[in-house]
Amino acid sequence: MSYHYQFTTEFDWRSQTQWQTPDTPFMSFDFWQALIDAKLIGGRSDWWVQYVQIVDDSAQLIAVMPVFIKKHHQGEYVFDFSWAEAFERYGRNYYPRLVTSVPFTPVTGERIWVAQGKSLTASLYQTLLQAIDELASRYQASTWHGLFFSPKNVQALQNAPNLCERLSCQFLWQNRNLQDKKCANFDEFLATLTAKKRKSIKVERQKVLKQNLSCQVKIGDDITEADWAVFYQCYAMTYLVRGRQPYLNLAFFKQVGQTMADKLMLAQAHNAHGDIVACSLFFFDDDAAISTLYGRYWGCLEEYDCLHFELCYYQGIEFAIKHGLRYFDPGTQGEHKLIRGFYPVLTHSLHRVYDKVFAPAIAQFCQHEQHAVLAYQADAMTALPFNDTYKSQFFGDGAAQGTIPDNEFLKK
């Protein structure tokens with residue numbers, strides 16, 4: 001079977017082709033359509049896109065991968081500022097560059113839509129790389145960046161020539177009690193921690209209550225137009241206080257509120273007068289194969305001690321427990337997540353550098369960075385707050401050295 005590629009700036013995913021279910025809500029067509037309709041990608045946005053379509057000899061559509069042509073690195077979360085500075089220092093153009101990612105979303109997952117009954121073969125991956133190379137030549141791009149690729153995609157591509165892999169570290173909560181079952185309640189999660197860490201979390205949660213704050217969780221259709229309006233004020237404030245414009249607009253959130261209601265959870269904090277003072281928006285997928293809660297957007301109108309921890313982490317953990325979800329991904333960065341029971345896990349990105357002078361140097365940089373990230377992850381493991389009973393049961397003899405515990409999520 002041979003494959004061919006073609007490009008289009010508009011991809012009709014509601015065509016006759018039936019598609020495999022994506023492995024995260026963020027590769028769902030509803031999510032992408034909301035980005036498009038809100039004018040955040042494509043068209044005249046600064047996320048200009050070419051969809052690489054892979055067809056077979058009979059012109060049947062097999063797979064599609066988005067490739068953005070970008071003149072900036074905002075909304076990506078895999079940072080290459082030093083690369084751009086080095087190019088500029090030596091009089092070379094770093095922009096435009098090619099990026100395959102879910103815009104504004106640092107969540108690991110597959111980046112290729114695949115037709116039902118089809119699979120991603122080595123030949124198909126090779127055709128995708130050829131298409132990327134042609135786009136790089138056409139737009140005189142310096143690089144291609146495949147961000148937060150799933151382990152499946154990484155394993156298929158990592159041995160291709162002129163590709164280098166970057167690692168980074170995020171944090172993940174796993175729903176597992178001392179009996180190696182899902183927690184029945186928040187107290188069962190606390191029972192996995194040392195006494196000192198249990199006390200610390202209880203103190204943080206009490207601080208929120210003592211400030212006359214109460215939290216409310218809404219799911220899907222229970223989120224009203226008024227809720228979306230206040231949420232967006234909170235979300236935008238996170239950017240505005242730093243002198244920046246928010247990445248996403250209210251139109252986007254309203255649309256996913258309509259088309260992805262069954263995947264949304266909104267946590268709100270109310271003051272003593274009943275006014276909403278902070279919000280945190282989550283996506284979740286309760287499919288047995290995914291079973292994950294994703295913390296995505298947070299913001300507050302007033303500052304309160306420990307409220308961020310309550311609304312972004314503890315409310316998320318309670319929701320995951322109540323709904324039997326196996327994992328909670330609270331979002332990128334934040335070492336403070338470690339002491340609250342979130343494991344350090346690796347994320348993977350692939351990069352191709354077309355400048356023959358810089359390619360060897362960047363490949364060497366990536367190798368050194370991998371060692372540093374692995375060392376950081378091992379060190380971070382030693383800071384986890386779990387008690388000896390939990391560690392001895394799930395971490396094994398190497399726990400003291402920061403060995404990663406037996407975790408199915410990390411093996412995917």
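Every number here is computed from the coordinates shown, using simple stated rules; none is lab data. Since the structure is predicted, the reported quantities are computational estimates derived from the model, not experimental observations. Please note: Cβ atoms are built from the backbone with ideal geometry, for glycine as well, and neighbour counts cover all protein chains shown.
Using alpha carbon centroids, what distance separates the stretch 269-295 and the stretch 109-174, in Å? A separation of 31 Å, based on Cα centres.
Using the Cβ-Cβ distance between N159 and T382 with R0 set to 35 Å, the FRET efficiency works out to roughly 0.60. Under a 5 Å amide H cut-off, with hydrogens placed 1.01 Å from N, W19 pairs with Q116 among residues at least 5 apart or on other chains.
Across the stretch 135-141, computed HN-Hα scalar couplings (Karplus, 6.51 cos²θ - 1.76 cosθ + 1.60, θ = phi - 60°) run 4, 4, 5, 5, 9, 6, 7 Hz from first to last residue, x flagging Gly and Pro. Take each peptide in 334-344, 368-378, count the other Cβ atoms within 10 Å of every residue, and average; sorted highest first, the result is 334-344, 368-378. Do any of K181/K391; K118/K152; K181/K210 go past 24 Å between their Cα atoms, and which? The pairs that break the limit, which is 24 Å between Cα atoms, are K181/K210. Kirkwood analysis of the stretch 176-325, using all unique Cα-Cα pairs, places the hydrodynamic radius at 16.3 Å. Any chance you could give the angle, 0 to 90 degrees and rounded to 10, that helix 195-210 forms with the longest Cα principal axis of the chain? Result, in degrees: 80.
Summing Lys, Arg as +1 and Asp, Glu as -1, what charge do residues with Cβ under 15 Å from the Cβ of G43 carry, G43 excluded? In short, 0. Here the 3J(HN,Hα) profile of the stretch 19-26, calculated from phi with Karplus coefficients 6.51, -1.76 and 1.60 at θ = phi - 60°, is 10, 5, 5, x, 8, 9, x, 7 Hz, Gly and Pro shown as x.
Pairs of Cα atoms nearer than 8 Å and 6+ residues apart set the relative contact order; for the chain it is 19 percent.
Taking amide H as placed 1.01 Å from N in the peptide plane, L172 has its amide H under 5 Å from the amide H of Y343, V345, each at least 5 places away in sequence or on another chain. Annotation: aspartates and glutamates with alpha-carbon distance below 18 angstrom to K322 (same-chain offsets under eight excluded): D180, D187, E188, D222, D262, D285, D286, D287, E310. For I62, nonlocal amide neighbours, meaning residues 5 or more places apart or on other chains whose placed amide H falls under 5 Å from its own, are I54, V55, D56.
Under 14 Å of direct C-alpha separation, and excluding same-chain neighbours fewer than eight residues apart, K70 reaches these aspartates and glutamates: D46, D80.
Using the Karplus relation 6.51 cos²θ - 1.76 cosθ + 1.60 with θ = phi - 60°, the per-residue 3J(HN,Hα) values for the stretch 98-106 come to 9, 9, 10, 6, 8, x, 6, 9, x Hz, with x marking Gly and Pro.
Report, to the nearest 10°, how far helix 358-381 tilts away from the longest principal axis of the Cα atoms in the chain, using its own Cα long axis and a range of 0 to 90°. Compared with the principal axis, the helix lies near 20 degrees.
List the Cys residues of the chain that have no partner Cys with a C-beta closer than 4.7 Å. Singleton cysteines: C169, C183, C215, C300, C306, C312. Please report the base-10 log of the normalised intensity I(q)/I(0) for the chain, using a Debye sum with one equal scatterer per alpha carbon and no solvent, at each q in 0.10, 0.11, 0.14 (1/Å). Each listed q corresponds, in turn, to -0.74, -0.90, -1.38.
Taking every alpha-carbon pair under 8 Å whose residues sit at least 6 apart, the stretch 176-325 reaches a relative contact order of 27 percent. Between R92 and N249, the modelled label-to-label distance comes to 3.7 nm, taking each label 7 Å out from Cα in the direction of the beta carbon.
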